[in-house]
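Visitor: Here it is: the structure, laid out below.
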Amino acid sequence: MKFRVIYQQASHNAQSPVRIIEQTTGREIGWINRYLDREYVRRLADTTLRIYAHNLLHFVRWWESIHHTGEVREADLTESTLRDYVGFQSSLQPRPSGSTINDRIAIADRALRNEFPDAPCQMARGFHQAFLRRGPMGLGRPRMALSRVRVKEAKRHIVPLSVDEVARFWSSFRTARDLAIVGLMLLQGLRSAEVLALNPEDVLLSEAQLRVCGKGSKLRFLPLAPETIQLLDHYLRLERPNPCSAALFVSLKGRARGARMTAAGLRSLFRHHRHTTGVPLANPHRFRHYATSRTMPPQNAPAAIYRPFGPGDVA
């Protein structure tokens with residue numbers, strides 16, 4: 001029995017477009033899809049629903065290997081169900097990270113509680129963390145509570161790129177579009193998805209502001225640095241095709257010219273420049289950490305990073 005995640009147009013507004021089905025028969029896995037429907041009604045982003053679906057896909061494959069069915073009955077759930085699931089993941093090679101295991105456990109736990117609210121609580125000695133829970137509106141003394149089943153996570157420290165690495169990577173770009181994209185990540189701290197989702201009307205150059213739709217469709221306005229304004233102005237005046245799609249950053253060549261730049265296209269762009277510059281750690285998220293780790297340009301930064309760009313700099 002094999003399962004897979006599919007994406008289909010929802011038949012009504014209360015149904016998630018992300019579904020899990022049994023591959024050979026096309027039969028939906030009801031308890032999972034009902035949970036995805038609930039999260040969709042809560043207006044979670046499609047990207048988040050896909051992550052939830054893939055985590056639950058991993059769980060249901062493990063469940064089927066033991067119970068020979070993708071359906072879950074309340075009588076089959078015990079206090080050690082998630083503890084057994086942790087043990088299974090810990091035996092895999094390569095071994096999943098602690099954060100991956102915890103994400104899968106949390107989603108599986110929420111989906112099972114959604115379907116079976118009276119199921120036994122998941123207990124596993126040593127797998128819970130104690131924490132203080134405040135009362136409603138912060139009133140009263142905090143009470144001791146236990147977290148869900150969790151494993152220890154290794155602390156991640158993302159080291160920003162050095163000034164020299166940023167300068168070397170920056171100098172490899174030639175088009176005004178690519179310089180503007182990297183500038184938004186480097187100087188404004190934008191995520192790659194936020195950059196790709198921008199439209200021309202989000203760029204308010206006269207007001208030195210940028211309207212960004214971030215995680216959870218949260219809207220925020222960012223002040224634009226003078227260098228970023230120059231980069232965006234050069235791209236809009238000199239290079240952006242006209243006419244083209246409603247996107248700010250579009251493809252410049254080939255049959256897709258004028259269409260919104262895709263995530264795959266951005267990954268390919270960074271992959272090419274990592275190879276040509278010999279900076280293997282240069283990726284959009286690390287640029288974001290470089291931006292957020294500095295409120296002002298470092299004093300010893302090469303002038304090439306922060307100098308204004310003229311028409312001669314555009315290939």
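Visitor: For the stretch 181-196, state whether one or more residues are buried (at least 19 other Cβ atoms within 10 Å of the Cβ) and among the basic types (K, R).
Guide: So far as the stretch 181-196 goes, no, none of its residues is buried (at least 19 other Cβ atoms within 10 Å of the Cβ) and among the basic types (K, R).
Visitor: State yes or no: is S245 assigned by TED's automatic domain parsing to the domain that holds L179 and assigned to a loop (DSSP other than H, G, I, E, B)?
Guide: yes
Visitor: Looking at the stretch 89-102, which of the residues that are in contact with a helix residue (DSSP H, G or I) (Cβ under 6 Å, 6 or more places away or on another chain) and not in a loop (DSSP other than H, G, I, E, B) is surrounded by the fewest Cβ atoms within 10 Å (Cβ to Cβ)?
Guide: Q89
Visitor: Pull out all pairs, ordered by first then second residue, where Cβ-Cβ is under 7 Å, the residues are six or more apart or on different chains, the first lies in the stretch 74-88 and is surrounded by fewer than 16 Cβ atoms within 10 Å (Cβ to Cβ), and the second is assigned to a loop (DSSP other than H, G, I, E, B).
Guide: Partner pairs satisfying both residue conditions: E74/F116; E74/A119; T78/P120; E79/P120; E79/C121; E79/Q122; E79/M123; S80/A124.
Visitor: Being surrounded by fewer than 19 Cβ atoms within 10 Å (Cβ to Cβ) and out of contact with any strand residue (DSSP E or B) (no Cβ under 8 Å at 6 or more places or on another chain) is the filter here; which residues of the stretch 17-36 pass it?
Guide: T24, T25, G26, G30, R34
The values are calculated or read from the model by the stated rules, or taken from the named source; none is laboratory data. Remember, predicted model here, so these are calculated numbers, not experimental data. Cβ atoms come from the backbone with ideal geometry, glycine included; neighbour counts cover every protein chain shown.
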